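Working notes for the structure below.
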Amino acid sequence: MTEIPEQEYLLIEVDLLSGTALDWAVAITNKMNPSVHRLSGSCSVIVPFEGGLNASFCPSSRWSDGGPLIEGGKISLRSEGPNDEGWYAVTATGTKAFNTCDCFDAGGDTALEAAMRCYVKKFGAETVEVPEILVSLG
């Protein structure tokens, strides 16, 4: 596994992110200090964990990474239709007591993709800087 050196970043709308680029955005949103590594011709997002261990982080495709974020972010998911037309995720911030609420939503081809886009919007922003190599892998 080879770490990819510092590179150019592109500002991308969260709704356009998928795969490793979306994983990067989630890691950045969580302040996980991600790095990009090349392994067998593809790129992975690697994050440090306690004890000096590093591991791949794939919340847009691995339920063990994305599931806890969905639960913690109070993200609701539903399918877009009976014919596998995609997924929709929604979450909100604020309180009913003060009648203020900011809603965040996103769609995706998979439940995890929709949920992670929604997560980044809720806890991050509508746009995010992503390493150019991850965008080109798309």
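Readers should treat all values here as calculations from the given coordinates under stated rules, not as data from a laboratory. Remember, it's a predicted structure, so these values are computed and weren't measured experimentally. Positions of Cβ are generated from backbone atoms using ideal geometry, with glycine treated the same way; all protein chains shown enter the neighbour counts.
May I ask for the longest run of the chain untouched by GluC sites (Glu not before Pro) that are loop-located per DSSP and have at most 12 neighbouring C-beta atoms (other than their own) within 10 Å? Let's see the in-between values first.
Details: sites that count: 6, 8, 85, 126.
Excluding the exposed sites themselves, the longest stretch runs over 9-84.
What are the ³J(HN,Hα) values, in whole Hz, obtained from phi via the Karplus relation 6.51 cos²θ - 1.76 cosθ + 1.60 with θ = phi - 60°, for each residue of segment 47-58 in sequence order, with x given for Gly and Pro?
Here the 3J(HN,Hα) series is 10, x, 10, 4, x, x, 7, 10, 8, 5, 10, 10 Hz.
Give, as a single signed number, the net charge of other residues whose beta carbon lies under 11 Å from the beta carbon of residue 18, with Lys and Arg counted +1 and Asp and Glu -1.
Cβ neighbours under 11 Å give a net charge of -3.
Not counting the cut sites, what is the longest span of the chain without trypsin sites (Lys or Arg not before Pro) that DSSP labels loop and that have at most 15 other Cβ atoms within 10 Å?
Free of exposed loop sites, the longest segment is 97-138.
Kindly provide the chymotrypsin sites (Phe, Trp or Tyr not before Pro) of segment 21-99 that DSSP labels as loop, not H, G, I, E or B, and whose Cβ sees at most 11 other Cβ atoms within 10 Å.
Sites meeting the loop and neighbour criteria: 49, 98.
So what is Rg over Rh here for the chain, counting just Cα atoms and using Kirkwood for Rh?
Taking Rh as the inverse mean 1/r over Cα pairs, Rg/Rh reads 1.00.
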